[in-house]
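The values are calculated or read from the model by the stated rules, or taken from the named source; none is laboratory data. All values reported here derive from a predicted model rather than from experimental measurement. For neighbour counting, all protein chains shown are included, and Cβ atoms are generated from backbone atoms with ideal geometry for every residue, glycine included. In case anyone asks, the SASA skips ligands and DNA or RNA and just uses the protein heavy atoms, side chains included. Shrake-Rupley method; radii C 1.70, N 1.55, O 1.52, S 1.80 Å.
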Amino acid sequence: MQKEKVLVIGACGQLGSELTLALRQVYSDAQVLATDVVPPSAELLVSGPFAQLDILDREAFFALVDKHQFTQIYHLAAILSANAERNPAFAWKLNIDGLMNVLDVAKSRDFVKKIYCPSSIAVFGPHTPTNDTPQFTVMDPNTIYGITKLVDERLSEYYFQKFNVDIRSLRYPGLISYKTPPGGGTTDYAVDIYYKAIQAGHYDCFLREDTSLPMMYMPDAIKATLDLMHADSDKVKIRSSYNLTAMSFTPTQVAESIRQHIPSFTISYAPDFRQQIADSWPNSIDDTAARQDWGWKPSYDLEAMTADMLKNLREKLR
Ligand code: NAD
């Protein structure tokens, strides 16, 4: 693994801050360059090299790639669902032009061997089957975030087929972690609820009580990402993006799982514009292709995740 040089774009976000540390365990600290438009946390800064990079600055990006001769690029910079609705034009620019820059660098530089760009369950829409949503099915997203992610998927497969760019992708469900706050998505409630349970004993939820959504605990998301990126190329049969899931639950169910640890915890409901986004997404996901092609298997269900979240947040908030 000595030869590998890894670039992480958007490394200060919810996923990037943990994925960068995980990559630095696989490779050495110096082999993984973390980049973002915002300054890094103290933990990220001490763990290895960091550089400022705006992925929309194509010239600076190409110059950085040429200077370091990266063999792998993890492109995580994006505007997430709820924030994208507030600024659709910028979401289109960042989510699509950003990936185009990454695809073009991989196409034109032989030393770039593999790239990763996550997709989302937001690529599905109101006419998609909502239960056990299949890998290949109707995709009619009606959020700007979902539309940009679907374009990204089609671009990825196109660059793989036309230009032999080894791009890999996962359609993450809502990601839940205690380390870094979420970046403005519709599943953010499933992180906030744990903070409020400890800090206030009560949570006012922006989704309806019966809204079932696919979710995943961050350690599983990191494991899936590394497993996919380390799989032999011929095992990666889907180059748009793989369905991926670990669990599905409603706000009522996560509240019940918290009550196993904090019996006095209460929840109320005040759905806002994010309810409409959640209603257009699947209740649950069929990820058979990921399980069959490269051996995906999650480790955390709701009970295991709740126990771990509460334990770690209690320490963090002490
Ligand atoms: P996030 O919003 O927490 O982090 C994104 C990071 O990108 C931020 O640190 C931000 O500063 C950075 N960034 C913004 N503009 C940039 C630019 N021009 N150049 C470089 N960096 C820039 O998002 P996240 O949750 O870490 O998501 C990472 C990826 O995973 C995204 O592609 C997202 O669509 C996808 N995803 C996330 C979730 C989730 O629940 N978190 C679910 C599905 C898919």
Output the number of residues of the stretch 73-99 satisfying the condition of being part of a loop (DSSP other than H, G, I, E, B) and crowded, with 19+ Cβ neighbours inside 10 Å.
-> 5
Counting only residues that are surrounded by fewer than 18 Cβ atoms within 10 Å (Cβ to Cβ) and farther than 30 Å from ALA289 by Cβ, which one in the stretch 197-234 is farthest from the ligand (Cβ to nearest atom)?
-> GLY201
Residues of the stretch 158-172 satisfying the condition of being open to solvent by 10 Å² or more (accessible area, probe 1.4 Å) and either at pLDDT below 95 or within 11 Å of the ligand (Cβ to nearest atom) (or both) = TYR172
Quick one: in the stretch 41-59, of everything that is part of a loop (DSSP other than H, G, I, E, B) and either open to solvent by 70 Å² or more (accessible area, probe 1.4 Å) or within 13 Å of the ligand (Cβ to nearest atom) (or both), which residue is farthest from ALA221 (Cα to Cα)?
-> ASP57
With the checklist (1) open to solvent by less than 60 Å² (accessible area, probe 1.4 Å); (2) away from the ligand (no atom under 16 Å from the Cβ); (3) of a type outside the set (A, V, I, L, M) in hand, flag the one item HIS127 doesn't pass.
-> (1)
Taking the stretch 18-40 only, how many residues are more than 10 Å from the ligand (Cβ to nearest atom), in a loop (DSSP other than H, G, I, E, B) and exposed (fewer than 15 other Cβ atoms within 10 Å of the Cβ)?
-> 1
Evaluate the following for ASP54: is it within 26 Å of HIS230 (Cα to Cα) and among the acidic types (Asp, Glu)?
-> no
What residue, among those in the stretch 60-80 that are more than 8 Å from the ligand (Cβ to nearest atom) and within 19 Å of the chain's Cα centre (by Cα), is nearest to GLU18 (Cα to Cα)?
-> TYR74
Answer with yes or no whether ALA77 is under 22 Å from TYR172 (Cα atoms) and small (Gly, Ala, Ser).
-> yes
Answer yes or no as to whether PRO271 is touching a Cys at 6+ places or on another chain (Cβ under 9 Å), farther than 22 Å from THR133 by Cα and either open to solvent by 50 Å² or more (accessible area, probe 1.4 Å) or of a type in the set (S, T, N, Q) (or both).
-> yes
Only one of (1) away from the ligand (no atom under 16 Å from the Cβ); (2) of a type in the set (Phe, Trp, Tyr); (3) in a loop (DSSP other than H, G, I, E, B) does not apply to TYR178, and that is (1)
When VAL191 is evaluated against the numbered criteria (1) touching a residue at least 24 places away in the same chain (Cβ under 8 Å); (2) crowded, with 20+ Cβ neighbours inside 10 Å, which criterion, by number, is the only one it fails?
-> (1)
Would you please list the contacts, defined by Cβ atoms under 7 Å and residues six or more apart or on different chains, that run from a residue in the stretch 275-300 that is surrounded by 17 or more Cβ atoms within 10 Å (Cβ to Cβ) and at pLDDT 95 or above to a residue that is among the charged types (D, E, K, R) and in a helix (DSSP H, G or I)?
-> TRP294/ASP227; TRP294/LYS235; TRP296/ASP227; PRO298/ASP220; TYR300/ASP220
